[in-house]
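Report on one structure; see the data block that follows.
The values are calculated or read from the model by the stated rules, or taken from the named source; none is laboratory data. Just so we're clear, the structure is a prediction, and the values are computed from it rather than from any experiment. Note that each Cβ is placed from the backbone with ideal geometry, even for glycine, and that neighbours are counted across all protein chains shown. These accessible areas exclude ligands, DNA and RNA; they are computed on the full protein's heavy atoms, side chains included. Shrake-Rupley method; radii C 1.70, N 1.55, O 1.52, S 1.80 Å.
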Amino acid sequence: MNDKSQLLKGTLEGCILKVINDRETYGYEISEKLKQQGFSDICEGTVYPLLIRLERNGLLASTKRDSPFGPKRKYYQLTPKGRQELATFYENWLALKNSVDRLFEDYQRGVKDE
Amino acid sequence: MSNEVQVMIKQNYKFSKQLTPENERIFTDIVCYLRTSDIDELQAEEAIQQILDMFLSAQHRGEAISDVIGSDYKEFCNEIIHSSSKQRFSSKVLTFLELLLFCMVLMWVIDLAFAILPQIIKNKQINLEYTVTLGFLARVFTVLAIAYALINYIGRNSFQLAKKSRKKFFIFGCLFGLFILLPAFISYLLKDFVLFTAELHYIGLILIPSYLASRYYNRWRS
């Protein structure tokens, strides 16, 4: 449970939805955006299976466009269901974040006092 | 196999020629593994297309594949398989039926070439009587079963098999020998069990149109 990737697993799908909500994008751009925001262990290979799952569950739609190297590249957009899911995720995330913050409020002070 | 899937397979193959030898080796392992998995054919080919774009883009940026998809390629594929839709049972049956009919037509043509043509040349007359023996059917089924098992074995173990070893070469040699000898042996054993005799053109009239129909149906159903 202390493993960062375990903590990350549940939140990553929500974060991907947020990145796609900002603008239509594809796998590599999503992973780069997440890296920029501090998700250091994320690579395209982590993001791609999640994109498949999100599309299969109807949260994403995709358009194939020409890529500079030949094979078509999939660009993803949020579906109405995806936008709804994003809102729910953020709501749940805030509630969870607040609870964890509240619980740990005195923790850091305690550590500092020692 | 649907038309869309066939077009994608051709395109993916064409673009994969741009890969460096090392990347092409890894890509081929991934393709074998995904194509023999039980995900829907179209989804598997789409995943292959997207992975190819990942590979070519990484190559262009000068990055190693392990930086893009991690160093455990099998795990990466398993994540994809886990996230994708499974192939429907009806689709599996249809694909198998197409394969079975293709195999029968092929064996029949081979049989014609090796058994009937020499007779025609020798006797200078066309013998339209064609005998279908149990050996013929047994040969079709053993060839199909061994080919199916071999392809699935290679696919499922593509990442391990990429590491060459003498033992694997030996096992493969034996399997290939079996592939050649077993059907021949079985059909020799059963060659005297005559199922029916029919005129040559009737057999072709049944086999070829039914193969074409199954192929046509499979291509256009999706």
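With the whole protein complex present, B:K14 retains an accessible surface near 130 Å², based on a 1.4 Å probe. About its Cα centre, the dipole of segment A:4-104 is roughly 180 debye, where the only charges are +1 on Lys and Arg Cβ and -1 on Asp and Glu Cβ. Its Kirkwood hydrodynamic radius, worked out from the mean inverse distance over all distinct Cα pairs, puts chain B at 20.4 Å. Build a GNM of chain B with springs between Cα atoms under 10 Å: which of B:Q43, B:Q11, B:Q125 gets the top mean-square fluctuation? Fluctuation is largest for B:Q125. Computed over segment A:4-104, relative contact order equals 27 percent, with contacts defined as Cα pairs under 8 Å that lie 6+ residues apart.
Of interest is the spacing of the C-alpha centroids, which for segment B:101-136 and segment B:6-49 amounts to 38 Å. Per-residue ellipticity at 222 nm from helix content only, as computed over the protein assembly as shown with -39500 (n - 2.57) for each DSSP H run of at least four residues, stands at -24000 deg cm²/dmol.
Largest GNM mean-square fluctuation across B:F179, B:F55, B:F169, computed for chain B with C-alpha springs under 10 Å, falls on B:F169. Remark: accessible area buried at the B-A interface is about 2000 Å², both chains counted, probe radius 1.4 Å.
For the protein assembly as shown, the Kirkwood hydrodynamic radius from C-alpha pairs, put into Stokes-Einstein at 20 °C and a viscosity of 1.002 mPa s, yields a diffusion coefficient of 89 µm² per second.
Note on chain A: with neighbouring protein chains present and a 1.4 Å probe, carbon and sulfur make up 50 percent of its accessible heavy-atom surface. In this structure B:W108 has an accessible area near 20 Å², from a 1.4 Å probe over the protein heavy atoms.
Listed cross-link partners A:K9/B:K10; A:K64/B:K10; A:K35/A:K74; A:K35/B:K14; B:K92/B:K191; A:K33/A:K64 are compared with a 24 Å cut-off, the Cα-Cα value being larger for A:K9/B:K10; A:K35/B:K14; B:K92/B:K191.
Within the full protein context, the accessible area of B:S210 is estimated at about 40 Å² for a probe radius of 1.4 Å. Using the 1.4 Å probe convention, the accessible area of the protein assembly as shown works out to 61 Å² per residue with neighbouring protein chains retained. Of the residues B:V7, A:V19, ranked by 1.4 Å probe accessible area with the largest first, the sequence reads B:V7, A:V19. Taking a ≥ b ≥ c as the square roots of the eigenvalues of the alpha-carbon gyration tensor, segment B:110-201 is classed prolate because a/c is 1.5 or more and a/b outweighs b/c.
Among B:Q87, B:L207, B:I120, whose Cα sits farthest toward the positive end of the charge dipole of the protein assembly as shown (+1 at Cβ of Lys/Arg, -1 at Cβ of Asp/Glu, about the Cα centre)? Looking along the dipole axis, the top candidate is B:I120. Applying a length cut-off of 27 Å (Cα extent along the axis) and a mean Kyte-Doolittle floor of 1.0 to the DSSP H helices of chain B leaves B:89-111, B:134-156, B:166-189. With a Cα-only, solvent-free Debye model of segment A:4-104, what are the log10 I(q)/I(0) values at q = 0.24 Å⁻¹? Each listed q maps to, in turn, -1.38.
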